[in-house]
Each structure stands twice: as structure tokens, then as C-alpha cells.
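What follows draws every value from the coordinates through simple rules; no lab data is involved. Note that the coordinates shown come from a computational prediction; the quantities given were computed from them, not determined experimentally. For neighbour counting, all protein chains shown are included, and Cβ atoms are generated from backbone atoms with ideal geometry for every residue, glycine included.
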Amino acid sequence: MASHSITIAVDAMGGDHAPQREVEGALLAAEQGVRVLLVGNEELLRAELRRHAQNHPAVDIVHASEVVAMADAAARAVRQKRDSSIRVATRLVRDGKAQGVVSAGNTGAVMATAKIVLGTLPSVDRPALAAVFPALGGKKVVMIDVGANVDCKPEQLVQFAVMGETYARLMLHVKNPRIGLLSIGSEEFKGNELTREAHRRLQNARMNFVGNVEGRDLYNGKVDVIVCDGFTGNVALKISEGLADTIKHLMQEALSSTIASKVGYALSRQALAEISKQMDYAETGGAPLLGVKGICTICHGSSNVHAIKNAIRLTAEFAARHIDEKIDSELSGLATKEQGHLPAEAFTEHSDE
């Protein structure tokens, strides 16, 4: 990517600290070989670039006159704010001017815009958000879905499994990803109606399904992909983020009060810094919305500069590896559309008229 062959559109107005962090993150990503289109109020963006005293040749501005606020109702914002920064950025992907889009804005609006403007892959009923968690032994675990779909059907969980397996194999370089279904017990009869039927279908699918896993298996490296509905996954994600912050502060307090040796304190702080880095969401940058035609990464609204830069880098890597096309190919033999289900093209925005 040193030649800036991949272009990523960034919603520069969506985050809690926009456009400062988006601009700085874009400049850092450009230094790593990604071409970036900053989308938003041109006057504000140019002023921010001047503040950094930089005019990087791989960073351009695309004007958008509207902004979707965090407090906006997603459906209404998508319908009414047709020149919002997230919509303009997503259209750049649809029109082939960018290979991916990154936003730290209103999550619901970003997902709705991606589905409307880009459309879903032909073999996908619903796109899903994937998050990566650190596990023992230096491993990483993909959890999908972590918030895109509150209510799911068994066949959709099978699709999520395929998406997660493709992610783990192509992005995390796991040769034969082990897939687990999140439930309340490891026995196949445990769980609700959704998980029991999904378990049966996953057993018959052409993938390395190892059975049910529990919440405690998220970090032990027992599996490489954990599949669940978006409600459960989002709760697990938020608990994990809160727990990571709590552990970090508890360890800091314990180290400050019990370690007398300056050398020992320094070494312990170094270990704490390494642990904190592994658990920091900013290292990944954001969660990809898998299953849409194109690459879309959604970040925390409070994302720092490091997170924005990494989200842009991750999105560029997804685009370079054609993850969306690979997912569609993997799902082509597994997709189970309901009778009467509208094709993905029916939800695609073909024009702005």
C-alpha cells in the first residue's frame, strides 16, 4: 500500500471529537500508504489541516453539507440528511471512488446508510458487526454479531459463522478457524430455541464447528470465532470493555500501593502497559460491518487518533484482500433465503433523485 493504491473515505464529522481526531488519524494513515478522502464541511476540514500545518498529497477533501448527530434517530437521519458526511462517504464507495468507508458516527445511521447505499451481498440476509478480542497464548477471537441485529434467525447465525470464519482465516491468518456458538452451556441441548436450532444447522454446515461455548471462553482461546445474535454480542462487548478499564485501574492502584522498589515498579508498569495495549479497542480501530457490498468499518464515537488511524488501515487491508467478495463466495452454497425475501438489490440506492 506504499503507492497509495487503496482509497478510504472517512466520515470526518461523525465522531465525538470530529473533525480533529479524524483529520489527524487520516494524516497518520496516509503516512502508512493509504489514500484518504476526508468527507465533511470543507471549510472546517481545511482549517484543521492548516492547524496541523500539513497538506499531505494522499489526503483530499470531499464536501458534505450535513452531519448526522449522535442524538439523531437513525432512520429519520438517513431519509432526511441525504448530503450528510456519512452518506456522501458511503456513496464514494458505491461509485468506485473509494474502496472502503470509516465512521465514528451514529452507529445506527452508519449501518442503515451502508445497507441502503451499498446494499447487502446476494447471499446475505443481514450484515453483521465483527469485533476482535485478545485471548490467551497471543491468540485473537472474532465475535460476530456484536450489535447489528438484535433479533436473529438460525440461518442468519450460520451466515455470521461463515463471515467470521472468513475474517479469521484471511485477516488473522488462522488456517482452519474453530467456530463456537455462544450459549449458556457447552451441551448442545443448552440454550434457547434460537441457539439449539442454530447448533443443529452449524453441525451440518461445511465448517469447523466445535459446538457451544460459554461467556468464559471468549478469552481462553478455545475457539477462533464466536457466533451470537447482536443483542448478546453487544452486551458481551460492552462488559468486556468496561472490565478491561476496571482491571487496568485496579492494577494501577495495586502497583502504586504495594511496590516499593522503583525498578520493580517500572517493570510492573511495563507489563501493565503491554496488557492494556492488548485489551485496547484502539489497536483494532473499529468493527467491520460484514455482508455489505463494499468495506465499512464502524468506530467508537470517542475514538482517539490512534483508533481512527488503525480503522483506516484495517479497512484498507480488508479492501486489498477483497473480503466482501470472499464472504459472498463462501456463502453462495450456504445462503438460505426465506421464500418471498427481497433481493439485496431492492435495498440498494441507485440514485439520489
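A few comments on the model shown:
- Projected label distance in nm at Leu250 and Asn176, using a 7 Å step from Cα toward the beta-carbon: 3.8
- Distance in nm between pseudo-label sites at His63 and Asn192 (7 Å out along the Cβ direction from Cα): 4.9
- Contour excess over end-to-end distance, with Cα ends at Ser5 and Glu214 and 0.36 nm allotted per residue: 71.0 nm
- Peptide packing for 317-326, 243-252 was compared via the average number of neighbouring C-beta atoms within 10 Å per residue; ordered from the highest value, the list is 317-326, 243-252.
- FRET efficiency for Ile184 and His52, using Cβ-Cβ distance with R0 set to 35 Å, rounded to 0.05: 0.10
- Potential lengthening between Lys238 and Asp16 on full extension [0.36 nm per residue; Cα-Cα distance subtracted]: 78.1 nm
- Annotation: the residues Thr195, Thr7, sorted from fewest to most other C-beta atoms within 10 Å of their own C-beta, follow the order Thr7, Thr195.
- Karplus-derived HN-Hα couplings along the stretch 121-138 (A = 6.51, B = -1.76, C = 1.60, θ = phi - 60°), whole Hz, x at Gly and Pro: 4, x, 9, 10, 6, 9, x, 9, 8, 10, 10, 10, 10, x, 9, 4, x, x
- Listed from fewest to most Cβ neighbours within 10 Å, the set Ser329, Ser84 follows the order Ser329, Ser84.
- Computed lengthening from Arg82 to Phe231, 0.36 nm per intervening residue step minus Cα-Cα distance: 50.8 nm
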